1. Report the A-B buried area as the accessible area lost on both sides summed, probe 1.4 Å, in Å² to the nearest 100.
2. Anything losing 20 Å² or more of accessible area from the isolated chain to the full protein assembly: pick those residues out of region A:47-70, probe 1.4 Å, ligands and DNA/RNA ignored.
3. For an R0 of 51 angstrom, estimate the FRET efficiency from the Cβ-Cβ distance between B:ARG2 and A:ARG70 and round to the nearest 0.05.
4. One decimal, nm, shortest first: give the distances between the label point of B:GLY39 and those of the same position in the other copies, each label point 7 Å from Cα along Cα→Cβ.
5. Once you place label points 7 Å from the Cα toward the Cβ at B:THR51 and B:ALA88, how far apart are they in nm?
6. For region B:1-55, count all C-alpha to C-alpha pairs, find those more than 15 Å apart, and express that count as a whole percent of the total.
7. Among B:LEU69, B:ALA16, B:VAL49, pick out the residue whose Cα is farthest towards the positive end of the charge dipole of region B:1-75, where Lys and Arg carry +1 and Asp and Glu carry -1 on C-beta, about the Cα centre.
8. Rounded to whole angstrom, how close does the nearest chain A beta-carbon get to the axis mapping A onto B, and which residue is it?
Protein chains: 2
Amino acid sequence: MRIGELSERTGLSRDAIRFYERIGLVESRRSPNGYREFGEEVLPWLDYVRTAQRLGFSLAEIARHGAELREAPDSAAALSALFAERIAAVDAKLAELSALRAELAARAGTGCPLEPDRVSSRP
Amino acid sequence: MRIGELSERTGLSRDAIRFYERIGLVESRRSPNGYREFGEEVLPWLDYVRTAQRLGFSLAEIARHGAELREAPDSAAALSALFAERIAAVDAKLAELSALRAELAARAGTGCPLEPDRVSSRP
DNA sequence: GTAAACGCTGGAGTGCACTCCAATGTCAAG
DNA sequence: CTTGACATTGGAGTGCACTCCAGCGTTTAC
């Protein structure tokens, strides 16, 4: 498929896709006329990119994950290790978010906002 | 406390703190010599800023939340509403992360990596 | 055959969140 | 009284993740 269709099916702009290609986040073949040709497999990949990115992973990180996966020997062990790493990172973020949530909930309980302006200012 | 101490106690650079002040994320009084003077209350606030930011909230958003909290009428209802909003946002992020984790776990289970390079390319 | 829609490139510009720097001022210790 | 650590400002620079544009070629519909 060409870049326009990919753009519509992913919700990414053409410019964003071309940018992703420049930084090695996605690959394409070229038609004889020079147009990019993308395979169907980029759809789930870009979907993953979108999700991971929205959740705080940088494009550089994501590109590295993709590269590692592609360069990894086919051994299930190597792949598992890579995924385990990713999952651990996600779990860490989950834990942080839970902590933030707890903090918010605790402060919601008291009358005390995040920035105690007039609280605890009486010596 | 002055900016150097605050920097050490928060782990933020002096420049970052001055930048935060410029965008209204934190406030200070000035000593007669022009030095910034920060109260103890900025410590938990900057800690919160750090956490929230690391978890995907922009400084603009965080500043807005702080401002809302400060400008909110003292009504417990208003504060509760603001906290409920924040918590809902955090919960949404938690849900997204959980989904990503599930996706990772699922793909780790199959032999199929994120970018199925040689999979499903046999017609 | 022509107009609209689509594609290409290179380069400039944007917004965010800082970081670095130079020139200058303040203050405590020796 | 100088030295050093710390403070101030304004402005420039950085890295990220795009976005926009000019100027051009290609494809498609009529």
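The values are calculated or read from the model by the stated rules, or taken from the named source; none is laboratory data. The structure presented is a predicted model; accordingly, all values stated were derived computationally and were not measured. For neighbour counting, all protein chains shown are included, and Cβ atoms are generated from backbone atoms with ideal geometry for every residue, glycine included. These accessible areas exclude ligands, DNA and RNA; they are computed on the full protein's heavy atoms, side chains included. Shrake-Rupley method; radii C 1.70, N 1.55, O 1.52, S 1.80 Å.
1. 4000
2. A:TYR48, A:THR51, A:ARG54, A:LEU55, A:LEU69, A:ARG70
3. Working: r = 51 Å, r/R0 = 1.01.
It comes out at approximately 0.50.
4. Shortest to longest, the spacings are 6.2 nm.
5. About 2.1 nm, to one decimal.
6. Everything past 15 Å amounts to 43 percent.
7. Going by the Cα projections, it comes out as B:ALA16.
8. Of all Cβ atoms in A, the one closest to the rotation axis yields A:GLY56, 3.
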